[in-house]
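S.K.: Sending over a structure as structure tokens; questions will come in a sec.
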């Protein structure tokens, strides 16, 4: 009984023990086997680790194999992909990249070889089919050849077969089927992307055939033809002459009536390539209405590349004396002026060069107010090319045009030009046209006096006088001397001009120029330096001193520099204008009694008597005034003899006029104006000096997605 109770109590205790959170019983009562906890955990972990390692090893192999050789995976087998940052590839991905590239290259090589072998076998048969009399056969053959040109390997095989290229050219020009012509033109277009293909087309007579295709009614044929010709003109030696001989220009100019801007961009670039440096081509473009069409494009299109290529054609044509007025009459100045404020630097620069070339033919052109305002604003640019063009255009447009002079003056042009002169420093390309423009603004228009004062008020006189110093660049000196003469017409400028050292510099220039003319003697042989006749410097300096001598203080300074003997000697000059200005300055100096005596002592009476009979009214008038003034202190017989001579020479048709002149003679006879403004430069910009200017290298970018171009040769600028 006690034993049963003991067993029952043991079972209860075991049950109670098992209900605790510790562990199963020790097995004393239940008979269960027991092990230590740490042994159980260790065994379980070991089994799991073995399974996981096997699974991981298998997955890693699959991943590497899938990454490097995905085609080896069994169908349905997938590799676990590692999630990683695309910017930080895993080691497997890094390892897989070169192997994939190698595999791709091998595949391409195999395919390339296959394509080449296929084309090599097909070329002879296709060449025969392209010459078949059945147009359907020719069409199918052209279609197949066109498909072959889309693969690089087969394309190279085709271009290496002169017979094939010739067959394509013949098929294109002989067929009446537009689709066949399109396929053939497409073939030539594809071949023209390699130099070997260009040479094959050129040798097979492809250029005349392509030129004929420019009259095709199908737009795609037109595009293929003009693009292929463009590639030939760019890269194939002899192509330009071949296109000209095939009447390519006569076919291209009418294409400017098309509306597709990309097509027009290629066409205009072809025109530029053909006309650059070839006068005959420029005249052909003119005869076919090219200037009008080009100006229309500049006025009505906004595709930058088209505007740029068109401006380059106009730049080439703008140096042609025949094309220049045609462009101006078509509204070229206004059309080009529209693009001076755009964002395209290359377009702006081309338009400026073209405007500069055209400007000497546009001095009478109306409707340029907006252009003049823009040019004045561009005088503030730091770009030397822009400054050179802006000053040159303003110089020409203000030449003998009172309205333009007044407009530029009222727009602050005087101040802007002075600042341009200050910034130009030793850059003659800026200084010369800027000074010429100032010379125009300070004479012969209602606001001339305003401009003369503006030069002084904006501190321009010292800077202008400085241009007379060494070293001499004679075109700048010539322009500066003329400007100083105009400035001296304003009484308020006389003292500032004297204080800036103008008079001794003018006298030194006069002496130097006169010595140069004396070295070469008189007569037909004239002395040139930097393209300027020294006789012009003599005339200009003497004329400026003439106006400066109106001021009594200036008059004394001029006389004190021993200039009177030189002025008297100049009365014998063979140049009529030099006689006039020398007589004029002597007329001013003779107002001073001491100077009059010096003039007489130098023997001026004899040449002055001769000049009384000059057909030039200005010369005769000045000579008479000087003779009268130097005779005032002479004997009555001498004065009477002079009076009779004056009466006979000047007033033989109206004796009563001499009495009136006799009473007024002590007064200043006035300044007789010189000739009209000179255009800068006198004959525009010829091909030679223009082509000598530097231009950045121009890169022909692609006009259509499939077109590729090499960098073009550098063209000297401007065109």
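S.K.: Determine if region 444-465 includes at least one residue that is farther than 22 Å from residue 358 by Cβ, at pLDDT below 95 and touching a strand residue (DSSP E or B) at 6+ places or on another chain (Cβ under 6 Å).
M.R.: So far as region 444-465 goes, no, none of its residues is farther than 22 Å from residue 358 by Cβ, at pLDDT below 95 and touching a strand residue (DSSP E or B) at 6+ places or on another chain (Cβ under 6 Å).
S.K.: Only residues that are assigned to a helix (DSSP H, G or I) and either surrounded by fewer than 23 Cβ atoms within 10 Å (Cβ to Cβ) or modelled with pLDDT under 95 (or both): list them for region 303-323, please.
M.R.: Those that are assigned to a helix (DSSP H, G or I) and either surrounded by fewer than 23 Cβ atoms within 10 Å (Cβ to Cβ) or modelled with pLDDT under 95 (or both): 304, 305, 308.
S.K.: Another question about this same structure. Can you pull out every residue in region 164-178 that is in contact with a helix residue (DSSP H, G or I) (Cβ under 6 Å, 6 or more places away or on another chain) and part of a helix (DSSP H, G or I)?
M.R.: 164, 165, 167, 168, 169, 171, 172, 173
S.K.: Still on this structure, I have one more. Being without any contact (Cβ under 8 Å) to a residue 40 or more places away in the chain and not in a helix (DSSP H, G or I) is the filter here, so list the residues in region 264-302 that pass it.
M.R.: Within region 264-302, 278, 288, 289, 302 qualify.
S.K.: Of (1) touching a strand residue (DSSP E or B) at 6+ places or on another chain (Cβ under 9 Å); (2) surrounded by fewer than 20 Cβ atoms within 10 Å (Cβ to Cβ); (3) assigned to a helix (DSSP H, G or I), residue 508 satisfies all except one. Which?
M.R.: Only one criterion is unmet by residue 508, namely (1).
S.K.: Among the candidates 201, 207, 144, which residue alone is surrounded by fewer than 18 Cβ atoms within 10 Å (Cβ to Cβ) and either over 14 Å from residue 130 (Cβ atoms) or in contact with a helix residue (DSSP H, G or I) (Cβ under 9 Å, 6 or more places away or on another chain) (or both)? Spell out the reasoning first.
M.R.: Working: 201 fails: surrounded by fewer than 18 Cβ atoms within 10 Å (Cβ to Cβ); 207 fails: surrounded by fewer than 18 Cβ atoms within 10 Å (Cβ to Cβ).
Selected residue: 144, the only one of 201, 207, 144 that is surrounded by fewer than 18 Cβ atoms within 10 Å (Cβ to Cβ) and either over 14 Å from residue 130 (Cβ atoms) or in contact with a helix residue (DSSP H, G or I) (Cβ under 9 Å, 6 or more places away or on another chain) (or both).
S.K.: Tell me which residues, restricted to region 519-536, are at pLDDT below 85 and part of a loop (DSSP other than H, G, I, E, B).
M.R.: Hits for region 519-536 are 520, 521, 522, 523, 524, 525, 526, 527, 530.
S.K.: Which residues, counting only those in region 426-454, are in contact with a helix residue (DSSP H, G or I) (Cβ under 8 Å, 6 or more places away or on another chain), surrounded by fewer than 21 Cβ atoms within 10 Å (Cβ to Cβ) and farther than 14 Å from residue 403 by Cα?
M.R.: Those that are in contact with a helix residue (DSSP H, G or I) (Cβ under 8 Å, 6 or more places away or on another chain), surrounded by fewer than 21 Cβ atoms within 10 Å (Cβ to Cβ) and farther than 14 Å from residue 403 by Cα: 427, 428, 429, 450, 453.
S.K.: I would also like to ask the following. If the Cβ limit is 7 Å and pairs must be 6+ apart or interchain, which residue in region 172-186 that is surrounded by fewer than 17 Cβ atoms within 10 Å (Cβ to Cβ) pairs with which residue that is outside any helix (DSSP H, G or I)?
M.R.: Hits for this filter: 178/218.
S.K.: Something else: In this structure, is residue 135 surrounded by fewer than 19 Cβ atoms within 10 Å (Cβ to Cβ) and within 17 Å of residue 196 (Cα to Cα)?
M.R.: The answer is no for residue 135.
S.K.: Can you tell me which residues in region 256-268 are under 16 Å from residue 300 (Cβ atoms) and buried (at least 19 other Cβ atoms within 10 Å of the Cβ)? Working first, answer last.
M.R.: Initially, region 256-268 is screened for residues under 16 Å from residue 300 (Cβ atoms), giving 256-265, 267-268.
Correct list: 256, 263, 264, 265, 267, 268.
S.K.: While we're on this one: Please enumerate the residues belonging to region 390-426 that are without any contact (Cβ under 8 Å) to a residue 40 or more places away in the chain and not in a helix (DSSP H, G or I).
M.R.: Those that are without any contact (Cβ under 8 Å) to a residue 40 or more places away in the chain and not in a helix (DSSP H, G or I): 401, 411, 412, 425, 426.
S.K.: Additional query: Filter the helices (runs of 4 or more DSSP H) completely within region 539-611 down to those with at least 1 residues that are farther than 23 Å from residue 479 by Cα, touching a strand residue (DSSP E or B) at 6+ places or on another chain (Cβ under 8 Å) and touching a residue at least 24 places away in the same chain (Cβ under 8 Å).
M.R.: Answer list for region 539-611: none.
S.K.: Still on this structure, please answer the following. Does region 187-197 hold any residues that are buried (at least 24 other Cβ atoms within 10 Å of the Cβ) and part of a helix (DSSP H, G or I), and which are they? Give the steps one after another, and end with the answer.
M.R.: Going through region 187-197, the residues buried (at least 24 other Cβ atoms within 10 Å of the Cβ) turn out to be 187-189, 191-192, 197.
Once the filter is applied, which keeps residues that are buried (at least 24 other Cβ atoms within 10 Å of the Cβ) and part of a helix (DSSP H, G or I), region 187-197 yields 187, 188, 189, 191, 197.
S.K.: On the basis of being more than 16 Å from residue 537 (Cβ to Cβ), more than 35 Å from the chain's Cα centre (by Cα) and assigned to a loop (DSSP other than H, G, I, E, B), does residue 496 make the cut?
M.R.: So residue 496 fails the test.
S.K.: Check residue 341 against each of (1) surrounded by fewer than 20 Cβ atoms within 10 Å (Cβ to Cβ); (2) assigned to a helix (DSSP H, G or I) and name the one condition it does not meet.
M.R.: (2)
S.K.: One residue is enough: does region 475-483 have a residue meeting the conditions surrounded by 15 or more Cβ atoms within 10 Å (Cβ to Cβ) and not in a helix (DSSP H, G or I)?
M.R.: For region 475-483, residues surrounded by 15 or more Cβ atoms within 10 Å (Cβ to Cβ) and not in a helix (DSSP H, G or I): absent.
S.K.: I'm trying to understand the selection: among the residues of region 361-383, which are touching a helix residue (DSSP H, G or I) at 6+ places or on another chain (Cβ under 7 Å) and over 17 Å from residue 334 (Cα atoms)?
M.R.: 379, 380, 381
The values are calculated or read from the model by the stated rules, or taken from the named source; none is laboratory data. Here the structure is a predicted model, which means the values were calculated and not measured. Cβ coordinates were reconstructed from backbone atoms using ideal geometry, including for glycine residues, and neighbour counts include every protein chain displayed.
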